[in-house]
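Here the structure is laid out as C-alpha cells; the discussion comes afterwards.
The values are calculated or read from the model by the stated rules, or taken from the named source; none is laboratory data. Predicted, not measured: the structure shown is a model, and the values here were computed from it. For neighbour counting, all protein chains shown are included, and Cβ atoms are generated from backbone atoms with ideal geometry for every residue, glycine included. Just so you know, the surface numbers come from the protein's heavy atoms only, side chains and all, with ligands and any DNA or RNA stripped out. Shrake-Rupley method; radii C 1.70, N 1.55, O 1.52, S 1.80 Å.
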Amino acid sequence: VIRYEPAQRDFDYDTDYTRSIHSQLQEVLDAVAKRQKEEGRSSKAEARRTAAEAKARAKAEKEAAEREEQARRQEADRRAAEEARAEAPPPEPEPEQAPAPPAEAQEAPTPAPPPVRAQRQGSPAATMGGEEGRRTIRAMMGEETSPVAPARAQASTEERPVEEVPVIPVERQEELVVEANKVVTIVTLTTAGVSTEYRRVAHKWGDIFYFKDGKPCSELVYRTEAMGPDRLVSAGP
C-alpha cells in the first residue's frame, strides 16, 4: 500500500501490511503447488487408464479377427469337403453271389447196411447187405400251415380333436453398423423375453461371415431364421 507521507514529503508504503500480505501470498502459492501436484497425479492416472482401455480394445479386436478367420477357415474346409464328395466316383457294385442249390437236389448220405443176422439150424450166416438191400433217401422240403391266423388291423372310426397351437409373436430389430473396413448387420429376435442375436459381417475385401449369439453359423441359418418372411414362432412341441 503506497501513500504520500507529508512528514517525509515523499511517497512511502505500509510495511505492516506488506508483511501480512506476504504470508497470505505464501499460503496461496503453497495451495497452487499442491493442486498442481494433484492434477499431475490425476493426469498420470488418466493416461494409464486410457492406455489400459486402448490395450483392451486392441485385444478385443484381435480376438474378433481371430474368430472371423477361424470361421472363414471352417467354411472353406466345409466347402472343400462338399466339393470332394461331389467329385468322388460312385462306389462299384458288389459282385452277385451264385445262389445255393436247393435242398432237394442234394442227396442224403447213403445209409449203412443192416447188421448180419445168423440163420437158424446151424446154417452159415447170410449177409443182408449189398446193392440189393440199399435204398436212397432224398430230403423233402415243405411248409406247414400255421393254425394261428394273423391279427387284422381295424381302422378306428373315432375322430381325434385337433389341438390349437398358440402362436407367439416375435419382436424383430435390425441395426446397420458401417465401419472403415466392414459393414455389420445386427438382427435381434425376441420371443417370450428370450433374445437371439444374428450378425452378418461383410468385409471390404469381399468375405462375408455369419454369427448366431456370437458363434459362427451358415448363411442358410442366417437367411432362414433372421431374414425369413415368417415372423411368428409356434409354441407347440
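A few remarks follow.
- From the options E69, E92, residue that is assigned to a helix (DSSP H, G or I) and either without any contact (Cβ under 8 Å) to a residue 40 or more places away in the chain or aliphatic (A, V, I, L, M) (or both): E69
- When the stretch 11-22 is filtered for residues that are open to solvent by 60 Å² or more (accessible area, probe 1.4 Å) and of a type outside the set (V, I, T), the ones remaining, listed by number, are F11, Y13, D16, Y17, R19, H22.
- When the residues of the stretch 23-61 are filtered to those that are under 30 Å from I2 (Cβ atoms) and among the hydrophobic types (A, V, I, L, M, F, W, C), the one that is most open to solvent (accessible area, probe 1.4 Å) is L29.
- Listed by first and then second residue, the pairs with beta-carbon distance under 9 Å, at least 6 apart or on different chains, first residue in the stretch 211-232 and farther than 17 Å from I168 by Cβ and among the hydroxyl-bearing types (S, T, Y), second modelled with pLDDT of 90 or more and not in a strand (DSSP E or B), are S218/E75; S218/R78.
- Among the candidates A52, A47, residue that is among the hydrophobic types (A, V, I, L, M, F, W, C), within 51 Å of the chain's Cα centre (by Cα), over 30 Å from G214 (Cβ atoms) and not in a strand (DSSP E or B): A47
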